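First the structure, in the form of structure tokens, and then the observations on it.
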Amino acid sequence: MSEFLHMGGYASFVWSSYALSFILMFGMMFLSFSQHKKKQKIIQGRIIRAAQQKAEKKREEENE
Amino acid sequence: MTPARKKRMTLIGVLILGTALAVGLILKAMNENVMFFFSPTQVMAGEAPKNKLFRVGGMVVEGSVVRVPNSVKVQFDLTDNAKIITVEYEGILPDLFREGQGIIANGRLDAKGNVIADEVLAKHDENYMPPEVAATMQRVADKDGSIKNKM
Amino acid sequence: MSIYIIDKKIMIKATWSFIQKFSSPPHFYRISGKMQPWFMAIFIGTLIYGLIGGLYLAPTDYQQGDSFRIIYVHVPAAWMSMFIYMVMAFCAAVALIWRIKLADIVLISSAPIGAMFTAIALATGSIWGKPMWGTWWVWDARLTAELILLFLYLGIFALYNAVEDKRTGSRFVSILVLVGVVNIPIIHYSVEWWATLHQGPTVTKFDKPSIHIDMLIPLLVMAISFKCYYITTMFSRARTELLERESNAKWVTKLLVPTKAD
């Protein structure tokens with residue numbers, strides 16, 4: 001196992017390459033996923049608010 | 001396809017061809033600068049700049065590496081299988097430096113026509129194989145008496 | 001003869017309507033959502049196999065020892081940097097000629113991923129270059145052309161965000177992408193056209209690849225893995241972009257707030 005981690009003396013080069021690549025890749029992936037979720041929520045909220053406002057307006061008009 | 005689409009397609013074709021042509025001409029004009037190194041033949045023919053740093057690339061001649069004891073000074077010959085040029089260098093060599101290996105030396109010519117290098121880079125080839133396979137191939141090559149070109 | 005002509009006309013019409021239907025925002029949003037978990041699964045599966053194969057099972061190299069294992073992230077990332085650019089160039093042409101909205105969206109959703117892969121290729125190449133070549137960086141044709149690709153990606157992203165109107169922005173971006181496409185063959189052939197420090201192609205040449213089969217298989221598996229990663233991530237970004245651009249459309253309301261549809 002330690003021989004595997006040692007990478008024939010190139011451990012720092014090999015492992016830093018892999019760490020850098022996968023930090024960037026998974027970072028980008030989770031950022032993209034969370035942006036999508038956030039956008040869904042924002043637009044959902046916007047639609048519901050617009051519908052509520054419309055309903056309120058309607059009620060006001062009926063009361064008058 | 002509608003005429004409007006056809007027209008747009010032609011415009012895009014012209015755009016791509018135009019840029020390709022422009023870039024191609026620029027690269028052709030800059031060819032010397034894009035070339036990363038000169039071969040020993042070119043250096044011997046006086047194509048390399050005088051009194052200025054330039055790079056020379058070739059294979060380290062087998063048996064030509066001379067290390068000065070108690071220092072990091074080293075001297076070796078470089079060849080492109082046509083001409084041979086001697087390189088002197090003082091410093092740490094890359095891990096891949098060995099006899100028969102492709103090397104690029106960055107330096108200037110001295111009065112004797114040797115290259116005094118500030119930097120030595122190793123150029124590795126595009127072959128990847130396990131050591132056992134390399135050893136087998138080497139045996140076959142030795143039998144044939146052929147020289148494997150690594151540059 | 002006349003029947004054949006009618007057939008041909010019908011065929012073209014059918015194909016066209018199929019393309020239009022598939023590329024319609026609600027359809028793409030739904031299909032991509034369904035396909036995404038599958039691509040994610042293939043990405044993770046091939047990644048695990050590729051990593052075990054590359055880091056553990058593959059033999060050490062006769063010259064470079066274990067440092068050659070950087071190839072399993074460096075080369076697939078470099079391939080992706082060019083592949084994604086070609087996808088974007090295709091989208092740019094489609095968007096400009098046929099005015100298909102989806103093409104713009106796929107294009108701009110791909111740009112950050114392409115930039116990331118270019119950065120990975122440059123950084124891992126640099127880390128690999130230090131022990132093997134003896135330098136972190138040289139201005140040879142291959143390395144310089146790849147750096148220009150990174151700047152192109154960043155330029156595309158900056159241009160898109162600099163223009164207020166997304167549709168105008170997309171048009172500018174498409175033209176920039178098509179101008180930059182000339183860089184792709186330059187990257188690929190740089191090692192053959194000019195003397196470079198970077199070695200020639202190992203896998204993508206007409207001869208048989210000059211890499212041992214046990215080393216090649218994990219490399220190809222990693223390439224598949226990275227492609228699935230790209231599709232998964234791009235789908236997510238494209239769906240975000242679609243919601244943003246179509247936030248007032250009925251299908252978005254129907255999808256996000258089913259009860260408020262009417």
Does at least one position in segment B:3-25 carry a residue that is away from chain C (no Cβ under 13 Å) and loosely packed, with under 12 Cβ neighbours inside 10 Å? no
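Can you tell which of B:Phe97, B:Phe36 is without any contact (Cβ under 8 Å) to a residue 60 or more places away in the chain and of a type in the set (Phe, Trp, Tyr)?
On the way: B:Phe36 fails: without any contact (Cβ under 8 Å) to a residue 60 or more places away in the chain.
Going through B:Phe97, B:Phe36 in turn, the sole match is B:Phe97.
Any idea which of B:Asp95, B:Asp110 is of a type in the set (D, E, K, R), buried (at least 16 other Cβ atoms within 10 Å of the Cβ) and assigned by TED's automatic domain parsing to the domain that holds B:Met59? Spell out how you get there, then give the answer.
Details: B:Asp110 fails: buried (at least 16 other Cβ atoms within 10 Å of the Cβ).
Every option except B:Asp95 fails the conditions.
For segment C:223-241, indicate whether the set of residues that are more than 14 Å from chain A (Cβ to nearest Cβ) and either assigned to a helix (DSSP H, G or I) or in contact with a Leu (Cβ under 7 Å, 6 or more places away or on another chain) (or both) is non-empty.
Within segment C:223-241, one or more residues are more than 14 Å from chain A (Cβ to nearest Cβ) and either assigned to a helix (DSSP H, G or I) or in contact with a Leu (Cβ under 7 Å, 6 or more places away or on another chain) (or both).
Got a sec? Which of B:Glu99, B:Glu88, B:Glu132, B:Glu119 is part of a strand (DSSP E or B), more than 21 Å from C:His198 (Cβ to Cβ) and of a type in the set (Asp, Glu)?
On the way: B:Glu99 fails: part of a strand (DSSP E or B); B:Glu132 fails: part of a strand (DSSP E or B); B:Glu119 fails: more than 21 Å from C:His198 (Cβ to Cβ).
Testing whether each residue is part of a strand (DSSP E or B), more than 21 Å from C:His198 (Cβ to Cβ) and of a type in the set (Asp, Glu) leaves just B:Glu88.
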Restricting attention to segment C:164-183, does a residue exist that is over 30 Å from B:Phe97 (Cα atoms), surrounded by fewer than 18 Cβ atoms within 10 Å (Cβ to Cβ), in contact with a Phe, Trp or Tyr (Cβ under 6 Å, 6 or more places away or on another chain) and not acidic (Asp, Glu)? yes
Taking segment B:102-115 and keeping residues at negative phi and at pLDDT below 85 leaves B:Ala111, B:Lys112
Within segment B:67-89, can one find any residue that is touching an Asp or Glu at 6+ places or on another chain (Cβ under 8 Å) and surrounded by fewer than 12 Cβ atoms within 10 Å (Cβ to Cβ)? yes
Could you tell me how many of the residues in segment C:38-69 are touching a residue at least 60 places away in the same chain (Cβ under 8 Å) and among the charged types (D, E, K, R)? 1
Based on what the data block shows, is A:Ile23 more than 7 Å from chain C (Cβ to nearest Cβ), part of a helix (DSSP H, G or I), under 30 Å from C:Trp251 (Cα atoms) and under 21 Å from the mean Cα position of the chain (by Cα)? no
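Based on what the data block shows, is A:Ile47 over 30 Å from C:Tyr72 (Cα atoms), under 15 Å from the mean Cα position of the chain (by Cα) and among the hydrophobic types (A, V, I, L, M, F, W, C)? Break it down stepwise before answering.
On the way: over 30 Å from C:Tyr72 (Cα atoms): yes; under 15 Å from the mean Cα position of the chain (by Cα): no; among the hydrophobic types (A, V, I, L, M, F, W, C): yes.
Criteria not met by A:Ile47.
Given the structure, is C:Thr202 facing chain B (nearest Cβ under 10 Å), hydroxyl-bearing (Ser, Thr, Tyr) and under 14 Å from C:Glu146 (Cα atoms)?
Numbers: facing chain B (nearest Cβ under 10 Å): yes; hydroxyl-bearing (Ser, Thr, Tyr): yes; under 14 Å from C:Glu146 (Cα atoms): no.
Taking the combined requirement at face value, the residue does not satisfy it.
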Filtered residues of segment C:91-121 (kept if touching a residue at least 12 places away in the same chain (Cβ under 8 Å), farther than 24 Å from B:Met9 by Cα and crowded, with 21+ Cβ neighbours inside 10 Å): C:Ile113, C:Gly114, C:Ala115, C:Phe117, C:Thr118, C:Ile120, C:Ala121
Can you tell me which residue in segment C:195-240 is surrounded by the most Cβ atoms within 10 Å (Cβ to Cβ), limited to those that are over 22 Å from the mean Cα position of the chain (by Cα) and more than 20 Å from C:Met132 (Cβ to Cβ)? C:Asp214
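The values are calculated or read from the model by the stated rules, or taken from the named source; none is laboratory data. Since the structure is predicted, the reported quantities are computational estimates derived from the model, not experimental observations. Counting neighbours? That spans all protein chains shown, and the Cβs are built from the backbone with ideal geometry, glycine included.
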